[in-house]
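One structure is given below, encoded as structure tokens.
The values are calculated or read from the model by the stated rules, or taken from the named source; none is laboratory data. All of these numbers come straight from a predicted model, not from anything done at the bench. Because the Cβ atoms are built from the backbone with ideal geometry, glycine has one as well, and the counts that use them run over all protein chains shown. Ligands, DNA and RNA are excluded from the accessible area calculation, which covers all protein heavy atoms including side chains. Shrake-Rupley method; radii C 1.70, N 1.55, O 1.52, S 1.80 Å.
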Amino acid sequence: MSAEFETLATTGSSTPSVEDASRALRASWPALDEQRLGGWALGFSEGFTRRANSVWMLGEVGDVETAIGTVEEAYRVRGLPSRFLTTDSSDSDEVVALRAFGYVTSLSGGVLARALGPADGPHQSLAGSHPSAVLSASTPQLPPDWLDAWLTWSGRRLPSDRRLAPRILRQGTPSFLSVSVDGSNVATARLSVLDGIGVVDCLVTARASRGRGYARLLLERAQHDAFALGASSCLAMVVDGNDASLRLFDRLGYHRLGAFRYLEGPERTGCC
């Protein structure tokens, strides 16, 4: 994580707790099928995205070793890897148990947060970025051209991606934001507001259009819309190493609320 980000515990900002942030992040990207195992929520979505195919550790499960075995069997029969999404609110003893079972970090990043207020007013004009650029928002309909752009820029080209993505993206009452130039999308974002917390995801800019401020405009618009819908803060998950995104969020006043890590189990094979 970039050194510019300081932990929110030292800032006094009006932002959610790690626990509330975790609940909002989970609700904004819900699994298509979910099973509960004590305080764990097992998500299954035919493999579409890590977040919708992971175990969220929301509370205790009792016998952790038995619970891990139950999880691994549940994912194995679906042809999916056994994966846990841990945050700073996850039980440390349970995380230690996962490590002992051979689970390793497959992806990590930061949960970034920013308090919202009256200053998050009307978004600025696009005129200075490009004379033919247009910023638009669709709620709750998912525009086909938005979906096409996001899937392409995210490298999701499987037929199953196109089938599964709308089922996750449309849940709740999200807003689909985009910037288009000469009639073609050049940047996308998605906003969900849950229990007074705005969650921004799907923030992607076409490679040929990067560096022109389109992502900033979308993020500022998302903040404005979130505040108008009653949110007191905004969140985003940014993976480690995505320096361009980290710089953008830093410039707009975001701080690191905590870390997230995907812990993935080893492939376990039986005897021949």
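Tabulated data
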| read-out | value |
| --- | --- |
| Residues of segment 67-94 classified as within 25 Å of residue 269 (Cα to Cα), open to solvent by 20 Å² or more (accessible area, probe 1.4 Å) and not acidic (Asp, Glu), total | 9 |
| Selection count where residues are exposed (fewer than 13 other Cβ atoms within 10 Å of the Cβ) and either among the hydrophobic types (A, V, I, L, M, F, W, C) or in contact with a Gly (Cβ under 9 Å, 6 or more places away or on another chain) (or both), scope segment 141-166 | 2 |
| Qualifying positions in segment 95-105 - surrounded by fewer than 13 Cβ atoms within 10 Å (Cβ to Cβ) and in contact with a strand residue (DSSP E or B) (Cβ under 7 Å, 6 or more places away or on another chain) | 104, 105 |
| Criterion: farther than 15 Å from residue 15 by Cα, among the small types (Gly, Ala, Ser) and open to solvent by 40 Å² or more (accessible area, probe 1.4 Å) - qualifying residue of 230, 213, 241, 265 | 241 |
| Unmet criterion (only one of (1) at pLDDT 95 or above; (2) touching a Gly at 6+ places or on another chain (Cβ under 7 Å); (3) not in a helix (DSSP H, G or I)) for residue 1 | (1) |
| Lone unmet requirement of (1) in contact with a strand residue (DSSP E or B) (Cβ under 7 Å, 6 or more places away or on another chain); (2) within 19 Å of residue 119 (Cβ to Cβ) for residue 205 | (2) |
| Residue list for segment 174-195, filter: free of Cβ contacts under 8 Å to residues at least 40 places away in the same chain and either open to solvent by 50 Å² or more (accessible area, probe 1.4 Å) or more than 19 Å from residue 156 (Cβ to Cβ) (or both) | 183, 184, 191, 193 |
| Qualifying residue in segment 129-139 (condition: open to solvent by 70 Å² or more (accessible area, probe 1.4 Å) and in a helix (DSSP H, G or I)) | no |
